[in-house]
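Beneath this line is the structure, given in structure tokens, with notes to follow.
The values are calculated or read from the model by the stated rules, or taken from the named source; none is laboratory data. In this text, all values refer to a predicted model and were calculated from it rather than measured experimentally. Virtual Cβ from ideal backbone geometry, glycine too; neighbours counted across all protein chains shown.
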Amino acid sequence: MTQEHDHPITPPRELMQQWIADSPKVPIAHGEYIATQAARWGADQELEACCDTLRRHAHWDLAVCELVADRRPKPPSLKEQALEALMTADGPDHPTPMLYLRPDAASIIRRAIESIPDPS
């Protein structure tokens, strides 16, 4: 039987110590934070290993890019969230001529507008 640090997907001790230092001090949240960080780190290691395997074969660069994009999608930007909130709101063409936003939509749109710099 191998020791836990012999497994290829075992976080380095320094990284685990950093997770412990960064985690909330509430016991349940502390454990959840460390477990989440470890799961993400392990998944990232596995994805990188898959990408390395694909890179060793000619003409697989596009597949590597698609694999990473599919497995680690970027969250929508604030601008994209705000536009989606407006596009999905009931507007003047709706039977009720009022603008209805999802409960979180007004906050998203407000933050997006606040992030636009004032003209100089």
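Below, the figures for the structure above:
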item	result
When residues of segment 25-34 are limited to those that are more than 27 Å from ARG111 (Cβ to Cβ) and either surrounded by 12 or more Cβ atoms within 10 Å (Cβ to Cβ) or acidic (Asp, Glu) (or both), the one nearest to the chain's Cα centre (by Cα)	ILE34
Filter result (among the small types (Gly, Ala, Ser) and surrounded by 11 or more Cβ atoms within 10 Å (Cβ to Cβ)) within segment 38-76	ALA38, GLY42, ALA43, ALA49, ALA63
Residues of segment 106-120 that turn out to be at pLDDT 80 or above and surrounded by 10 or more Cβ atoms within 10 Å (Cβ to Cβ), as a count	8
Condition check for LEU67: touching a Lys or Arg at 6+ places or on another chain (Cβ under 7 Å), in contact (Cβ under 8 Å) with a residue 12 or more places away in the chain and over 28 Å from ASP104 (Cβ atoms)	no
Segment 16-31 residues that are assigned to a loop (DSSP other than H, G, I, E, B), paired with ones that are surrounded by 12 or more Cβ atoms within 10 Å (Cβ to Cβ) (beta carbon under 7 Å, 6 or more apart)	SER23/HIS30; SER23/TYR33; SER23/ILE34; PRO24/HIS30; PRO24/TYR33
Residue within segment 34-46 that is modelled with pLDDT under 80 and part of a helix (DSSP H, G or I) present	no
